[in-house]
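Following: one structure in structure tokens, then a few remarks.
The values are calculated or read from the model by the stated rules, or taken from the named source; none is laboratory data. Bear in mind that the values here come from a model prediction, so they are computed numbers and not experimental data. Cβ atoms come from the backbone with ideal geometry, glycine included; neighbour counts cover every protein chain shown.
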Amino acid sequence: MAKRPYRIALNGYGRIGRCVLRAVHERGAPADLHIVALNDVADLASIAYLTQFDSTHGRFPAEVSARAGRLCIADQAIEVFCAAEPEALDWAALDLDLLIECSGRYTTRLEAQRFLHAGVPRVLFSQPMASEADVDATVVYGVNQQQLSGNERLVSNASCTTNCSVPLLRLLDEALGVEYVSITTIHSAMNDQPVIDAYHDSDLRRTRSAFQSVIPVSTGLARGIERVLPELAGRIQAKAVRVPTVNVSALDITLQVARDTSAAEVNQLLQQAAQGAYRGLLAYTELPHASCDFNHDPHSAIVDGSQTRVAGTRLVNVLAWFDNEWGFAQRLLDSAGHWLAQVSSSHS
């Protein structure tokens, strides 16, 4: 008997939620992941419109309509709910295998467990949690997803910046020995910034117009990396700035390494990994690219080898691009598929 497709719901249907749904249809795999429901506080007409037309990723590659309280994509009907809190929806009635939480609202175990109490069997979060103890595991696909046993109920997919940086840091640490790391995230504007100056509840810098300034913001990247690569704990510093673009970001990574190296050796290591162990997650280029060239790129990181530098013999600098929406949505689906396969194996 053929196994039924996994039933997945999305909670929160903003930039990441819409990319996840689009990725299911656009990449066509894994075919056993079916999105059967989504929950967002927006009205159905707006949900259908923003699914069909996307300023960053273009028109949806299938017919989209809203009918009888459902979002219809080609011949698939997705149930749409408008519950503001987890308890307001009968999740158990949806017979889900997994909820992908894309709102970013729930960052502690106490908050996350509200979904479990409301009938969701397991939750994959599209954001880092407040602490390591707030989830059963934090996963960067391609690096540590093999740690999932299938018995977890709350898993974080880390952040787009963690997914970009961790494969590179692990690779360079194994080859050269990483002693210290300093990372600057150069990140596209996000929807917690105003288009023109307006109030922000916690950050005065984010009261300023997103499209008139380069704006320093706080980042938990160092903490996120340490959760996945604990061997680097205490040796990472990170800062971030938001820049006036709508998508595609970059990491400027500076590393002090334990042995002598050269830009040529570093690039060779990264290029070989992109063609081998990290194929599909890491890409490598030396072409004269700008950020917009990586819009809709599915990789976690694209190393620009033309920008690799080594000062002296042990101070390494690497530039890695990443589509902070599309690449991360791909990793969410990769993690979801792997986790659910482990669930099926543990229950068979």
**Message:** Of all residues being farther than 25 Å from residue 296 by Cβ, polar (S, T, N, Q) and in contact (Cβ under 8 Å) with a residue 40 or more places away in the chain in the range 118-170, which is surrounded by the fewest Cβ atoms within 10 Å (Cβ to Cβ)? Just the residue, please.
**Reply:** 151
**Item:** Top-ranked residue in the range 171-211 [being charged (D, E, K, R) and farther than 22 Å from residue 227 by Cβ; ranked as surrounded by the fewest Cβ atoms within 10 Å (Cβ to Cβ)]
**Value:** 201
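Under the condition of being part of a strand (DSSP E or B) and hydrophobic (A, V, I, L, M, F, W, C), which residue from the range 152-188 is farthest from the chain's Cα centre (by Cα)?
Narrowing the range 152-188 to residues part of a strand (DSSP E or B): 154-156, 178-188.
From the residues that got through so far, the ones that are hydrophobic (A, V, I, L, M, F, W, C) too are 154-155, 178, 181, 183, 186.
Values: 154: 16, 155: 13, 178: 24, 181: 22, 183: 18, 186: 16 Å.
The qualifying residue farthest from the chain's Cα centre (by Cα) is 178.
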**Request:** Determine whether residue 266 is modelled with pLDDT of 95 or more, outside any helix (DSSP H, G or I) and among the β-branched types (Val, Ile, Thr).
**Result:** no
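Any chance the range 14-29 includes a residue that's assigned to a strand (DSSP E or B), on the phi < 0 side of the Ramachandran plot and either touching a helix residue (DSSP H, G or I) at 6+ places or on another chain (Cβ under 9 Å) or buried (at least 20 other Cβ atoms within 10 Å of the Cβ) (or both)? First the steps, then the outcome.
Our first condition is that a residue be assigned to a strand (DSSP E or B); within the range 14-29, this holds for none.
No, there is no match, as no residue in the range 14-29 is assigned to a strand (DSSP E or B), on the phi < 0 side of the Ramachandran plot and either touching a helix residue (DSSP H, G or I) at 6+ places or on another chain (Cβ under 9 Å) or buried (at least 20 other Cβ atoms within 10 Å of the Cβ) (or both).
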**Request:** Test residue 338 against the stated conditions and say whether it is surrounded by fewer than 19 Cβ atoms within 10 Å (Cβ to Cβ), outside the structural domain of residue 206 (by TED's automatic domain parsing) and touching a residue at least 24 places away in the same chain (Cβ under 8 Å).
**Result:** yes
**Complete:** Selection from the range 30-39 of residues in contact with a Gly (Cβ under 9 Å, 6 or more places away or on another chain) and either in a helix (DSSP H, G or I) or surrounded by fewer than 23 Cβ atoms within 10 Å (Cβ to Cβ) (or both) yields 30, 32, 33
**Request:** Tell me which of these residue 55 doesn't satisfy, since it passes every other one: (1) within 26 Å of residue 248 (Cβ to Cβ); (2) touching a strand residue (DSSP E or B) at 6+ places or on another chain (Cβ under 9 Å); (3) in contact (Cβ under 8 Å) with a residue 40 or more places away in the chain.
**Result:** (2)
**Message:** Just to be sure I understand the filter: pairs with C-beta atoms under 7 Å, separated by 6 or more residues or on different chains, first member in the range 197-208 and under 14 Å from residue 242 (Cβ atoms), second member among the hydrophobic types (A, V, I, L, M, F, W, C) and exposed (fewer than 14 other Cβ atoms within 10 Å of the Cβ). Which pairs pass?
**Reply:** 207/198
